[in-house]
Each structure stands twice: as structure tokens, then as C-alpha cells.
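Single-structure report; data block below.
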Amino acid sequence: DMARQARQRYQCYVEGLDERHLRQLTLVRDLQDAARQQQLSMVYQPQLDARTGRLIGVEALMRWQHPTLGFIPPDEFIELAERSGNIQRLTGWMLDSVCAQLQRWNIEGHGLSAAVNLSARDVNDDTLPERINDCLASHGLTPDRLRLEITESAIMHDPDHASRQLATLRRAGLSIAVDDFGTGYSSLAQLKRLPVQELKIDKSFILKLDESADDEIIVRSTIELGHNLGLAVVAEGVETESSRALLAGLGCDILQGYLFSRPLPADQLILWAQAHSHITSGDAP
Ligand code: C2E
Ligand code: MG
Ligand code: MG
Ligand code: MG
């Protein structure tokens, strides 16, 4: 009968679930409660002026320590959160957590700014500008303290809507970077119309820059392109001194990577900055 057939089909379905699929189901389920269970945290990676070596700010990156599965990479759980419709709640938690940290740093005399990552769904959400403004206001922060990183593919998902949304955020005083630039398919015309201030070259072009002539050509022309459009250019994934020197020579504006520091918990970030004379205790950078 039909009920028995359905049961059999379900049985086959369950047995057919491979390990990867089961892991995804588990992660999607557990992500719902991760913030409440205090399994999420933010780490901060320095961003430096390529010419002077001065600390410009930090990028805030999310971490999830799962109670049984251990560390889950953000590349994995952010995508799951996007697909399962949980990203907006996660972004809300992230914004609040970063703004609270910026406020604590303010009180300690460190006037740092933080770049935060937004996903395609966040950019599509018309309440985003209001949510960001409310978050800043409730922590007594001015909009120049947050910089928004939005991936090229998130913008190009619906370029017209993204463009209007970014313009609203820009008018509110936030600066915007195109993240993972070079991995999407934006045309020059689209890029020119976007109200953004920074291009962030994807780390896949930077990691082996000192060995790859192809990567060097790509990076060189991306820096030129950015500058011709009046944008600051950021490189992430700077791991070696030779890459740093090359990027500085090519006129790249801002550098970020393991060469300087890995992403660090807030208190360790301050210790790092003090050890490298970016800030002295109690002083603004
Ligand atoms: P992203 O925004 O492009 O962040 C840069 C990634 O490069 C980070 O990986 C960072 O740890 C890594 N990185 C920085 N310097 C180096 C280096 O020198 N070498 C290497 N190998 N890697 C370096 P992470 O923290 O694993 O984050 C991965 C991605 O997850 C981020 O890429 C971003 O797209 C997403 N993500 C992280 N936190 C958030 C968040 O709070 N919200 C959203 N929507 N996405 C996030
Ligand atoms: Mg980013
Ligand atoms: Mg990136
Ligand atoms: Mg990325």
C-alpha cells in the first residue's frame, strides 16, 4: 500500500544520506542555538597601511566552536546559514558583538574601526541600513567606525538593487569594500556605478604572488583598475615578506595577512598592536 511504499522510500532516503549531508543537517540545526549557547565568537585581523605600516583597522571574522564537531570553518557554516535562511540572525548577532567590542575599545582609548562581512541576503534585506544604524547608535558609535565588506558575487546577484542599497549605506556614512574581488564576474561598467570605496583582491591571487607571474599580472592590473576608479585597493592573504614588498611596490594601499597577524581574539589583538607599537596602552592608534 501507499503508506508502506512511502515508509520504504523514506528508509532508502535516510540510508542514502551520506556523511556530508548528515553533517550539514546537524550544523543547520545546531546553528540555530549557537549564539545562545555562547559557541560563537569574533576574532579580529589587523589591516595595515602598505606604505607606512600603520594600523588602519581590523577585519572582524566569525568563529564557531561546535560542542562535539569542534571548530567549524566560516566558509562552511556561513554558506549553510545563507541557504537555510539563518544568516540575518547571525549577522544581527555579529553586528551587535562587533559594535559592543568597538565600544569597549573606545572606553579603553583605542579608536579602532572594524570591517564586517555581509552576505548576499543581508544586502537584499531592505531593513539592513536601519539595523546597522540602530546598532551603532545603541553602542554610541559613529558610522565611520564600521566598514562593510560585501563579496563581488553577492553584489552581482542583483546589481541594481545592491547598488541602491549600498548608496543608502554610503549616505549613512558607512564605507564599503568589494570583497573577494576577481572571483566574480562584474563588468567594468557595473563596478563604475557602484558606490564603493575599496576593492579587496581575493587571497587566491595573493597567496602565491611571489612565485606566480600570472598572479602578478592580475594583481598589477587590478590595482591599476581600482586606482583608475578612485578606489583604495586592499590585499588579503599576505603571507610572505616578498609578497608584501611586491604589493607595496605595485602601489597596493592596504595589506592584511598572516605575515602580520592571524585573526585574534579582542584582547590578544590589543596586545599584538601594543607589541608592534601601533598603540601604546591607553592611547588611540
Ligand atoms: P573573507 O571575508 O575573504 O576573509 C578573509 C579570510 O582570509 C579569513 O578566513 C582570514 O582568516 C583569511 N586570511 C587572512 N589572511 C590570510 C593569510 O595570510 N593566509 C591565509 N591562508 N588566509 C588568510 P576565515 O576567517 O576562515 O573566513 C572565511 C570567510 O568566511 C570570509 O572570507 C568571509 O567570506 C566569511 N565570514 C567570516 N566571518 C563572517 C561573518 O561574520 N559574516 C559573514 N557573512 N561572513 C563571514
Ligand atoms: Mg572579508
Ligand atoms: Mg576576501
Ligand atoms: Mg573569502
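Across region 219-237, the qualifying residues are those that are away from ligand 3 (no atom under 15 Å from the Cβ) and part of a helix (DSSP H, G or I), and the one among them that is surrounded by the most Cβ atoms within 10 Å (Cβ to Cβ) is ILE223. Do you know which residues across region 247-281 are touching a helix residue (DSSP H, G or I) at 6+ places or on another chain (Cβ under 7 Å) and either under 14 Å from TYR44 (Cα atoms) or surrounded by 17 or more Cβ atoms within 10 Å (Cβ to Cβ) (or both)? Answer for region 247-281, where residues must be touching a helix residue (DSSP H, G or I) at 6+ places or on another chain (Cβ under 7 Å) and either under 14 Å from TYR44 (Cα atoms) or surrounded by 17 or more Cβ atoms within 10 Å (Cβ to Cβ) (or both): LEU250, CYS252, LEU255, SER261, LEU264, ALA266, ILE279.
Across region 136-169, the number of residues qualifying as surrounded by fewer than 19 Cβ atoms within 10 Å (Cβ to Cβ) and of a type outside the set (Gly, Ala, Ser) comes to 12. Note on region 109-129: residues that are part of a loop (DSSP other than H, G, I, E, B) and touching a residue at least 40 places away in the same chain (Cβ under 8 Å) total 6. Taken residue by residue, region 73-93 has no member that is of a type in the set (S, T, N, Q), modelled with pLDDT under 95, in contact with a His (Cβ under 7 Å, 6 or more places away or on another chain) and within 26 Å of HIS139 (Cβ to Cβ). Criterion applied to ASP210, ASP180, ASP214, ASP202 was being away from ligand 1 (no atom under 16 Å from the Cβ), within 26 Å of LEU259 (Cβ to Cβ) and among the acidic types (Asp, Glu), and the one residue passing it is ASP214. All of ASP49, ASP30, ASP96, ASP126 fail the test of being closer than 17 Å to ALA154 by Cα and acidic (Asp, Glu), apart from ASP126.
The values are calculated or read from the model by the stated rules, or taken from the named source; none is laboratory data. Since the structure is predicted, the reported quantities are computational estimates derived from the model, not experimental observations. Because the Cβ atoms are built from the backbone with ideal geometry, glycine has one as well, and the counts that use them run over all protein chains shown.
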